[in-house]
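Q: Here it is, the structure, as structure tokens.
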Amino acid sequence: MSKPAMRQEQDSLGPVEVPQEALWGAQTQRAIDNFRISGRPLPPAFIRALALTKAACAEANQALGQLPDAVAGAIVAAADSLASGDHADAFPVDVYQTGSGTSSNMNMNEVIARLASDAALTVHPNDHVNRSQSSNDVIPTALHVAASLEVERRLLPALRHLIATIARREGELTAIVKTGRTHLMDAMPVRMSQELSGWRTQLELDAERIRDTRIRVNRLAIGGTAVGTGINAPADFGDRVARRLAERTGVGFVRELNGFAALASQDTAVELSGQLRTLATSLIKIANDLRWMNSGPLAGLGEIALPALQPGSSIMPGKVNPVIPEAVIMAAQQVVGLDVAVAAAGQGGNFQLNVGLPLIADNLLQQIGLLTGAAEHLADRAIAGFTVNEAVLRAALDRNPILVTALNAEIGYEAGARIAKEAYASGRPIVDVAAEQTDIPRERLLAMLDPAALTAPQPKS
């Protein structure tokens, strides 16, 4: 296999051989050669956010007289092209690189400079594209922009869809009463709509937490430059960049007033990751409930039947498994694991800079993507289509001795325990045993032990 044609580029360390057709330059090539750990570059959403940041920086520099109009215009045009997805293969630097993300920043600077230059105009990656900036404020800015945009455009819509799907099923299942379970053991009855309302409220609270955290995600480090002091940047630069990003995206980005905190810590990213982990735990709970309710169908609970999507066994004909809940659980478990790594990277702030930025960016965007897909699949391929086995639910309700709890106020706990024990031992309906052991008329017992009535809120005394 012949070696590709090469060209020679120069940086402060000396000459570097770069593939002839590559859009990047010397510093990117050094990073490609030095960092061969995962074989994975940073995700497209991060590259898009980084390009948007560079365009906004050029516009701010132009307005502040830091760049000639022609240079600024060429940078903006190139950055906008990259933000739209052009030349995606021009960003090959490994996720696991220098902790500031300097290699990815220079990758972007070099690609923009090459695209923006022509025979009549030379654009320099540092002096022009990186004007008034440092990797130390650009990378955390792009991290926040990418996370905020992905949450708004992907995750929150997926969550709203899942919540709406559950709400629709609630309305359809209001009349269905089933045995409640605590500790996986029979408990007092609930309506299936009430059970689903618990799932819905969990998710509504998750969305509320994420939206609250996003207020802080929308505060950007730009303007802090190298150590938080804003060296080499005009005083108004960070505010102008944030405003331009807000105008470009429709998201309320603002500059973080304390640049030292914005560069030295990634507490907001850690907070967002924690909220994503909380959503993951909600999805695991819901998916596990569905698996239990679907279990059997003969030797398990068999309360519902999930949609049959594919054969469940390579050896047992006719077996169908709860594949969507299982897939959702694995995706959510991965989110929990990614959160642990984000928390560890968040601890990597030493003095004026956090040095876990590429890992944090990669993991956050993976978490958002996994949760988006999990929520959509759970809604469309599990919750929307499950059917209820009403006969199974009714049979379990009719022989549930725990219904005796409704008699506590009249006969006391100890008498109720005796009735329940006898009903369990004999396998007889609770109403029959209660009629024998109390002087409450059978008609009244039937009313007091009616499962549907027991799911209603108790009247105020």
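Q: Conditions: (1) within 30 Å of GLU195 (Cβ to Cβ); (2) touching a residue at least 24 places away in the same chain (Cβ under 8 Å). GLY171 meets all but one. Number of the miss?
A: Among (1) within 30 Å of GLU195 (Cβ to Cβ); (2) touching a residue at least 24 places away in the same chain (Cβ under 8 Å), GLY171 violates only (2).
Q: Related question: Those residues that are over 22 Å from THR225 (Cβ atoms), touching a helix residue (DSSP H, G or I) at 6+ places or on another chain (Cβ under 9 Å), in the same structural domain as GLN29 (by TED's automatic domain parsing) and aliphatic (A, V, I, L, M), I need them from segment 117-155; list them, please.
A: Result: ALA120, LEU121.
Q: Quick check on ILE419: is it over 28 Å from LEU276 (Cα atoms), touching a strand residue (DSSP E or B) at 6+ places or on another chain (Cβ under 8 Å) and in a helix (DSSP H, G or I)? Walk me through how you get there before you give the answer.
A: Values: over 28 Å from LEU276 (Cα atoms): yes; touching a strand residue (DSSP E or B) at 6+ places or on another chain (Cβ under 8 Å): no; in a helix (DSSP H, G or I): yes.
No: the conditions fail for ILE419.
Q: Determine whether segment 244-261 contains at least one residue that is surrounded by fewer than 18 Cβ atoms within 10 Å (Cβ to Cβ), in a helix (DSSP H, G or I) and touching a strand residue (DSSP E or B) at 6+ places or on another chain (Cβ under 8 Å).
A: Yes - at least one qualifying residue is present in segment 244-261.
Q: Given the options ALA379, ALA415, ALA374, ALA396, name the one that is out of contact with any Pro (no Cβ under 8 Å at 6 or more places or on another chain) and at pLDDT below 95.
A: Details: ALA379 fails: at pLDDT below 95; ALA415 fails: at pLDDT below 95; ALA374 fails: at pLDDT below 95.
Within the list ALA379, ALA415, ALA374, ALA396, the selection yields ALA396.
Q: Next question. Would you point out the residue of segment 415-430, among those that are charged (D, E, K, R) and closer than 17 Å to LEU397 by Cα, that is surrounded by the most Cβ atoms within 10 Å (Cβ to Cβ)?
A: Of the residues in segment 415-430, the ones charged (D, E, K, R) are 418, 421-422, 428.
The next check asks that each one be closer than 17 Å to LEU397 by Cα; those that pass are 421-422, 428.
Values: LYS421: 13, GLU422: 17, ARG428: 14.
It comes out as GLU422.
Q: So in segment 286-323, with the set limited to residues that are hydrophobic (A, V, I, L, M, F, W, C) and in contact with an Asp or Glu (Cβ under 9 Å, 6 or more places away or on another chain), which one is nearest to LEU365 (Cα to Cα)? Explain how you work it out, then say what you get.
A: Taking segment 286-323 first, the residues hydrophobic (A, V, I, L, M, F, W, C) are 286-287, 290, 292-293, 298-299, 301, 304-306, 308-309, 315-316, 320, 323.
Filter once more, keeping what is in contact with an Asp or Glu (Cβ under 9 Å, 6 or more places away or on another chain): 287, 292-293.
On the way: ALA287: 23, TRP292: 31, MET293: 32 Å.
Ranking the qualifying residues of segment 286-323, first place goes to ALA287.
Q: A follow-up question, please. So LEU298 fits all but one of (1) at pLDDT below 95; (2) part of a helix (DSSP H, G or I); what number is the exception?
A: (2)
Q: Now for a different question. Considering each residue of segment 206-222, count those that are free of Cβ contacts under 8 Å to residues at least 12 places away in the same chain and hydrophobic (A, V, I, L, M, F, W, C), and give that number.
A: 1
Q: With (1) over 30 Å from LEU449 (Cβ atoms); (2) touching a residue at least 40 places away in the same chain (Cβ under 8 Å) as the list, and ALA235 as the residue in question, which single condition is left unmet?
A: In the conditions (1) over 30 Å from LEU449 (Cβ atoms); (2) touching a residue at least 40 places away in the same chain (Cβ under 8 Å), ALA235 misses (2) alone.
Q: Among LEU309, LEU407, LEU365, LEU370, which is the only one that is surrounded by fewer than 17 Cβ atoms within 10 Å (Cβ to Cβ) and outside any strand (DSSP E or B)? Explain how you work it out, then say what you get.
A: Values: LEU407 fails: surrounded by fewer than 17 Cβ atoms within 10 Å (Cβ to Cβ); LEU365 fails: surrounded by fewer than 17 Cβ atoms within 10 Å (Cβ to Cβ); LEU370 fails: surrounded by fewer than 17 Cβ atoms within 10 Å (Cβ to Cβ).
Just one listed residue meets the conditions, LEU309.
Q: Given the criteria surrounded by 18 or more Cβ atoms within 10 Å (Cβ to Cβ) and either touching a Pro at 6+ places or on another chain (Cβ under 7 Å) or hydroxyl-bearing (Ser, Thr, Tyr) (or both), does THR201 qualify?
A: Numbers: surrounded by 18 or more Cβ atoms within 10 Å (Cβ to Cβ): no; either touching a Pro at 6+ places or on another chain (Cβ under 7 Å) or hydroxyl-bearing (Ser, Thr, Tyr) (or both): yes.
Taking the combined requirement at face value, the residue does not satisfy it.
Q: Can you spot a residue in segment 314-329 that is surrounded by fewer than 23 Cβ atoms within 10 Å (Cβ to Cβ), in contact (Cβ under 8 Å) with a residue 12 or more places away in the chain and part of a strand (DSSP E or B)?
A: Step one: filter segment 314-329 for residues surrounded by fewer than 23 Cβ atoms within 10 Å (Cβ to Cβ), giving 314-321, 323, 326-327, 329.
Those left that are additionally in contact (Cβ under 8 Å) with a residue 12 or more places away in the chain: 320, 323, 326-327, 329.
Those still in the list that are part of a strand (DSSP E or B) too: none.
No: segment 314-329 contains no residue that is surrounded by fewer than 23 Cβ atoms within 10 Å (Cβ to Cβ), in contact (Cβ under 8 Å) with a residue 12 or more places away in the chain and part of a strand (DSSP E or B).
The values are calculated or read from the model by the stated rules, or taken from the named source; none is laboratory data. All of these numbers come straight from a predicted model, not from anything done at the bench. Heads up, the Cβs are rebuilt from the backbone with ideal geometry, glycines too, and the neighbour counts pull from every protein chain shown.
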